[in-house]
Amino acid sequence: MGSVSSVLLIVYILMVVFGYYLEYLNLTRLRERRLPLPEELESETDADLLFKAGAYTVENAKFGIVSSLYNNAIFLVFLFGGLLFSYDRWIASFGFGLIPSGILFFVLLSMAGSVLNLPLRLYRTFVIEKRYGFNTTTPLIWTTDLLKGAALSTVLMAAGAGAGLWIYGRSPGLWWVWLWCFYLGLSVFLMYLSPYLIEPLFNKFDPLEDTALEESIRGVMGKAGIKVSRVFKMDASRRTAHTNAYFTGVGRVKRIVLYDTLLEKLSGKEIVAVLSHEIGHWKRRHLLKGILFTEAAALAALYLAYLLLKRDIPNGLFGISGGSLFTGVFILGFLGTLAGFPFGPLFSWISRRHEREADRYSYELTGETGPMISSLVKLSRDNLSNLHPHPLYVAFRYSHPPVAERIGYLKSLIGC
């Protein structure tokens, strides 16, 4: 192992260890439980519920650490133990051209990762989630979803890799520009396609039966200047007891989807408040800002990849003589993980800021905070949320502000 690859290995290990330190801080804070709760949470939270929520957090943290150790051990052996080069030589031994070899390289690698993670996925679903009352799926549904998901991801990966390699071969000097254009177009296309062809592969969508609730939803959406095409109920309860709601669509016409679990647990006004929060993301252009930032970063990353691959620098960092384009791309993905780690807290902060803006918009649109607060209380209770996360853990891992902080912020809006 060269000196550069040794440094990269040390940096990666330090990054992983820091993640375990965050888990330690969060669990320590959970055991202390010294912070007071908002009165809304106190009235809905007893000692048994706090104990159950704490146990769920602890078990997920321990499972996350074990999963991380397992996956990182495999990854480090593969990348730093020489297996990447051996795998690359094995693919090359078939004598295929650039495109079929690349498709085979990435598809088989993805399949291997999925197979190796099967025991972890099974344990999380049928042990942890079942133990705390969240899993409602059956082995048959789980297996069917797994196979459909694997088939779909294989097709998309093969198509994406094949198209990308074709572009690479056709335009050696500008492939990074054309590849960016292709993936941007593909992303937009999938945004249109997903609600009609992909999502129905996994769930059943029925028209909302509660006409009064649908009218309330259409009313608040119309007030925000958004046209609703359809409002659907999704059969989430066949798989999980967790709740969610979202709307899809590009432009001003949206398709509302409500989990049936959400309909069971929240009142009509609470559901409207939750959707008003989602409207806030759209009205404040959070999705558009995210897409613009992501695409700008992707274009810059592709140009950097072009410069590095042109000189075969990724393979050289690991002393891989005669390595292929595919090993170089794999190593670039690893380097991207290292480079992106310091920016994690910034992206999480931006996401939490967007959530606060969406909470504020919900208040501005509906004129009240009570339904949003009560929905947050119910959702945190039903999902066994950690009510005492460590601030540093929040900084790195939370895309939403902690529920107590969100409730406090919503209360402060009443006096604005």
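Just so you know, all these numbers are worked out from the coordinates, no wet-lab data involved. In this text the structure is predicted, and so the values were computed from the model without any measurement. Don't worry about glycine lacking a Cβ; one is built from the backbone with ideal geometry, like all the others, and counts go over all protein chains shown.
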- prompt: Along the charge dipole of the chain, which of Gly169, Ile271, Gly367 sits closest to the positive end, that is, farthest toward it, with unit charges on the beta carbon of Lys, Arg, Asp and Glu (+1, +1, -1, -1)?
  reply: Gly169
Antiparallel DSSP beta bridges within the chain, percent to nearest 5: 55 percent
- request: Under a cut-off of 17 Å between alpha-carbon atoms, report the aspartates and glutamates in cross-link reach of Lys254, not counting same-chain residues fewer than 8 places apart.
  value: Glu199, Asp206, Glu214, Glu215, Glu278
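So for each of 369-377, 347-355 I average, over its residues, the number of other beta carbons within 10 Å; can you give me the resulting order with the highest mean first? Intermediate values should be presented prior to the final figure.
Details: 369-377: 20.9, 347-355: 16.4.
The packing order, highest mean first, is 369-377, 347-355.
Arranged from highest to lowest average of other beta-carbon atoms within 10 Å per residue, in what order do the peptides 8-20, 325-337 appear? Show your work: numbers first, answer last.
Working: 8-20: 14.1, 325-337: 18.2.
Going by the mean number of other Cβ atoms within 10 Å, highest first, we get 325-337, 8-20.
Sequence gap at least 6, Cα distance under 8 Å: using those rules, report the relative contact order of the chain to the nearest whole percent. All intermediate terms of the calculation are to be shown ahead of the outcome.
On the way: 377 pairs, mean separation 95.1, N = 416.
With pairs under 8 Å counted, the relative contact order is 23 percent.
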Cα centre as origin, Lys/Arg/Asp/Glu Cβ charges: the range 136-211 dipole, Debye: 500 debye
query: For the Cα atoms of the chain, what angle does the longest principal axis make with the long axis of helix 268-283, in degrees from 0 to 90, nearest 10?
result: 40 degrees
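What ranking, highest mean first, results for peptides 235-244, 108-117 when packing means the other Cβ atoms within 10 Å averaged over each residue?
Highest mean packing first, the order is 235-244, 108-117.
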statement: Helix 325-340 sits off the longest principal axis of the Cα atoms of the chain, rounded to the nearest 10 on a 0 to 90 degree scale, by 40 degrees
- prompt: Based on DSSP H runs of at least 4 residues, each adding -39500 (n - 2.57), what is the mean residue ellipticity at 222 nm of the chain after dividing by all its residues, to the nearest 500 deg cm²/dmol?
  reply: -23500 deg cm²/dmol
message: Output the 0 to 90 degree angle, nearest 10, between the alpha-carbon long axis of helix 83-92 and the longest principal axis computed from the alpha carbons of the chain.
response: 70 degrees
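Checking the table Lys130/Lys269; Lys227/Lys411; Lys52/Lys265; Lys204/Lys289; Lys289/Lys411; Lys233/Lys269 against a 25 Å threshold on Cα-Cα, which pairs fail?
Details: Lys130/Lys269 30 Å; Lys227/Lys411 30 Å; Lys52/Lys265 19 Å; Lys204/Lys289 31 Å; Lys289/Lys411 28 Å; Lys233/Lys269 17 Å.
Check vs 25 Å cut-off fails for Lys130/Lys269; Lys227/Lys411; Lys204/Lys289; Lys289/Lys411.
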